[in-house]
Amino acid sequence: MTNRYKYWLIGLGIVGLVALLSWLWIDYRTTGTTILATHFNRDRAVLINQLRHQGRHNAIILVAAIAIGSAIPGVPISAIAILSGIFFGRWPGFVINLTGITLGNLLAIYLMSQFPKRSKPSRFQIPH
């Protein structure tokens, strides 16, 4: 594969990441507008309960978003990881983060193995 494919893959990953985050926004839009409309004066327990009962399919979306984000060089996934902890709690959020980062790193390793390695000779040659 050439460098052109690298750019296409990174661009495709960014588009996929934006699509997954948009899907999450659509799922949590009513909760977000409720929070903003009440100016954060809601009871904390009610707010956390409302966030955590949006559906388990969001775990799959978060795993995919974290995996794609960790496979793209330079994308900070900490904000998405924090969201998984907020949405699902401490231990389920940890499992979601661990799964997403592991899958993303495996994806990055696989994609990197598809590109030829070009080793440049070192400037510092050790005489034999």
Provide the packing ranking of 11-22, 62-73, i.e. peptides ordered by the mean count of other C-beta atoms within 10 Å per residue, highest first. 62-73, 11-22
Stokes-Einstein diffusion coefficient of segment 65-114, Kirkwood radius over Cα pairs, 20 °C, 1.002 mPa s, in µm²/s: 197
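Read the figures in this text as sums done on the coordinates, not as results from a lab. Remember, it's a predicted structure, so these values are computed and weren't measured experimentally. Cβ sites come from the backbone with ideal geometry, for glycine too, and all protein chains shown count toward neighbours.
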